[in-house]
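**Student:** Handing you this structure, nothing more for now.
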Amino acid sequence: MTQRDGTIAAKPHVAWRRTAGEVSLPEVHRSIAVPTTASFWRKLAAFSGPGFLVAVGYMDPGNWATDLAGGARFGYSLLTVIMISNLMAILLQHLCIKLGVVTGRDLAQACRDHYSTPTVWFLWVLCELAIAACDLAEVVGSAIGLQLLFDVGYENGEYEGLGILRGKCIRFDLPHEFKVPHMGWNRGTIKQKAPILKDTADGTFFYFVHSYYVVPEAPSLVAIETDYGHPFCAAVWKDNLFATQFHPEKSQDEGLKLLKAFAEQ
């Protein structure tokens, strides 16, 4: 209460339990310089560049292949689902943009700073479960999951792996006509008929995205071999362990066979 007029000033409402720390993604946190006198088309061009980069990040070739396979199988029966999911995605992205602009926090930071510690941990566990449910590649052990099983890897330095299997992970060193990363569909030659490969035919095509590959010390570990400039290990098998360099979740029907066989083991 002030002495002059007797009014009571309300205390500002503090919505955050914690003060804001570092900005979200500081290595790429930037603003786009747009002149205030620029025309509509000039402003549109300024925002279209970053928007295009984000769109490319979402629309990788593996997703294109999956979309084409879904369209070929289900025709127009999924268009309603696609329309609803796209509208929901636009709404959620719009709300996240408003949150970021007004508060300076992304969604994860806002949850951390607003909710109590037990609630934050509960939300974190739910997110981890959602990631595990949606990204089967990491659960089954494909791509980087395969590389971590070996003794040492040489991606941007020398790093120890889990050492479950003996061998190393090295980068492709290929002639100029072979692009690195190795990205796209390639044929697999079955070297060992592991139980998980019971429904997989020799010569099946799988989807790859990688610049490094593993070199097992024991050739008997190689379950599938693929050729890209030279033969390399595309999958390993030992006892109850099976891991792939390719992505089963992006390999359409053949990838689903592997995942189904893995779940049935």
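The values are calculated or read from the model by the stated rules, or taken from the named source; none is laboratory data. Bear in mind that the values here come from a model prediction, so they are computed numbers and not experimental data. Neighbour counts run over all protein chains shown; Cβ positions are idealised from the backbone, glycine included.
**Student:** Given the condition at pLDDT below 75 and within 22 Å of G104 (Cα to Cα), answer yes or no: does some residue in segment 40-48 qualify?
**Tutor:** Let us first name the residues in segment 40-48 that are at pLDDT below 75, namely none.
No, segment 40-48 contains no residue that is at pLDDT below 75 and within 22 Å of G104 (Cα to Cα).
**Student:** Now for a separate question. Could you go through segment 201-220 and let me know if any residue there is surrounded by 18 or more Cβ atoms within 10 Å (Cβ to Cβ), among the hydrophobic types (A, V, I, L, M, F, W, C) and over 23 Å from the mean Cα position of the chain (by Cα).
**Tutor:** Within segment 201-220, not a single residue is surrounded by 18 or more Cβ atoms within 10 Å (Cβ to Cβ), among the hydrophobic types (A, V, I, L, M, F, W, C) and over 23 Å from the mean Cα position of the chain (by Cα).
**Student:** Quick one: in segment 210-239, which of the residues that are outside any strand (DSSP E or B) and out of contact with any Pro (no Cβ under 9 Å at 6 or more places or on another chain) is nearest to N186 (Cα to Cα)? Reasoning before the result, please.
**Tutor:** Here is the first cut: in segment 210-239, the residues outside any strand (DSSP E or B) are 211, 217-221, 228-230, 239.
Keeping just the survivors that are out of contact with any Pro (no Cβ under 9 Å at 6 or more places or on another chain) gives 217-221, 228, 230, 239.
On the way: E217: 24, A218: 24, P219: 21, S220: 22, L221: 20, Y228: 8, H230: 13, D239: 26 Å.
Result: Y228.
**Student:** Can you name the residue in segment 144-199 that is touching a helix residue (DSSP H, G or I) at 6+ places or on another chain (Cβ under 8 Å) and small (G, A, S) and is also nearest to L258 (Cα to Cα) among such residues?
**Tutor:** G145
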